[in-house]
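*Asks:* Got a structure for you, written out below as structure tokens; questions coming shortly.
The values are calculated or read from the model by the stated rules, or taken from the named source; none is laboratory data. The structure displayed is predicted, hence computed values, not measured ones. Here the Cβ positions follow ideal geometry from the backbone for every residue, glycine too, while neighbour counts run over all protein chains shown. We work out accessible area using only protein heavy atoms, side chains counted, and drop any ligands, DNA or RNA first. Shrake-Rupley method; radii C 1.70, N 1.55, O 1.52, S 1.80 Å.
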Amino acid sequence: LVVQIDGRPHLLDPGYLILEPVPLDSGNETTIVTEFNELVLSPRAGGERLELSTVAQGQRRSRLTFKTAPADAGEFLHAWVASFDWDMMQYPVLNRMRGGRQLYLQGNRFQQRDRESVQREEIARDQLVARISAEFGLDANVVIRALEILKRRGELA
């Protein structure tokens, strides 16, 4: 999402736990330092695209590229509706910071990351509700309901 703040374009909520608006009008690469990694926003194609990369344990990895031109309402709505069929919408995905660490869940794969290390584990399906509630601070009933919706859609075995 791009918004104008004091007449300057800013990127909002590109993911990766960027919690503050990021100015986009410099035309230069922007580095955002988080508690667990660095994010680099790099203009591409004369400013028509913006590449987001992560840097963790010295490794830079391209994650996604944004178009900087605004989408018209029809194009946006089409993409929004289509997004519910993307692979990443077929399983739970949760991301948060706690105690200087990134907590990340994708399906039943749980990861904790800080600047020096990454710990990964698979969570047993029968433990998923309790772990999501504990790690992400979500009410167990909300977690149960969300997982039931995924199961009804046939996407969570």
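*Asks:* Go through the range 5-33 and give me each residue that's aliphatic (A, V, I, L, M) and either surrounded by 14 or more Cβ atoms within 10 Å (Cβ to Cβ) or within 21 Å of Leu94 (Cα to Cα) (or both).
*Replies:* Leu11, Leu12, Leu17, Ile18, Leu19, Val22, Leu24, Ile32, Val33, listed by residue number.
*Asks:* Just one of the numbered conditions (1) closer than 25 Å to Glu20 by Cβ; (2) free of Cβ contacts under 8 Å to residues at least 24 places away in the same chain is not true of Asp85; which one?
*Replies:* (1)
*Asks:* Let me ask you something else. How many residues are within 15 Å of the chain's Cα centre (by Cα) and under 21 Å from Gln106 (Cβ atoms) when one looks only at the range 1-37?
*Replies:* Qualifying residue count, the range 1-37: 10.
*Asks:* Which residues, taken from the range 84-126, are among the acidic types (Asp, Glu) and closer than 18 Å to Glu38 by Cβ?
*Replies:* Hits for the range 84-126 are Asp114, Glu116.
*Asks:* Among the hydrophobic types (A, V, I, L, M, F, W, C), out of contact with any helix residue (DSSP H, G or I) (no Cβ under 7 Å at 6 or more places or on another chain) and surrounded by 15 or more Cβ atoms within 10 Å (Cβ to Cβ): which single residue out of Leu1, Leu52, Leu77 fits that description?
*Replies:* Leu52
*Asks:* Only one of Leu147, Leu94, Leu128, Leu138 is in contact with a strand residue (DSSP E or B) (Cβ under 6 Å, 6 or more places away or on another chain) and at pLDDT 90 or above. Can you tell me which?
*Replies:* Leu94
*Asks:* On to the next question. Being within 18 Å of Glu116 (Cα to Cα) and of a type outside the set (Val, Ile, Thr) is the filter here, so list the residues in the range 54-76 that pass it. Working first, answer last.
*Replies:* As a first pass, look at the range 54-76 and keep what is within 18 Å of Glu116 (Cα to Cα): 54-61.
Across the range 54-76, the qualifying residues are Ala56, Gln57, Gly58, Gln59, Arg60, Arg61.
*Asks:* Moving on to the next point. Condition first: under 25 Å from Ile32 (Cβ atoms) and of a type outside the set (Gly, Ala, Ser). Can you find one or more residues in the range 132-151 that meet it?
*Replies:* Yes: the range 132-151 contains one or more residues that are under 25 Å from Ile32 (Cβ atoms) and of a type outside the set (Gly, Ala, Ser).
*Asks:* Go through (1) open to solvent by 40 Å² or more (accessible area, probe 1.4 Å); (2) in contact with a Leu (Cβ under 7 Å, 6 or more places away or on another chain) one by one and return the number of the condition Ala45 breaks.
*Replies:* (2)
*Asks:* Further question on the same structure: For the range 115-143, enumerate the residues that are open to solvent by less than 70 Å² (accessible area, probe 1.4 Å) and assigned to a helix (DSSP H, G or I).
*Replies:* Within the range 115-143, Leu128, Val129, Ala130, Arg131, Ile132, Ser133, Ala134, Glu135, Phe136, Ala140, Val143 meet the criteria.
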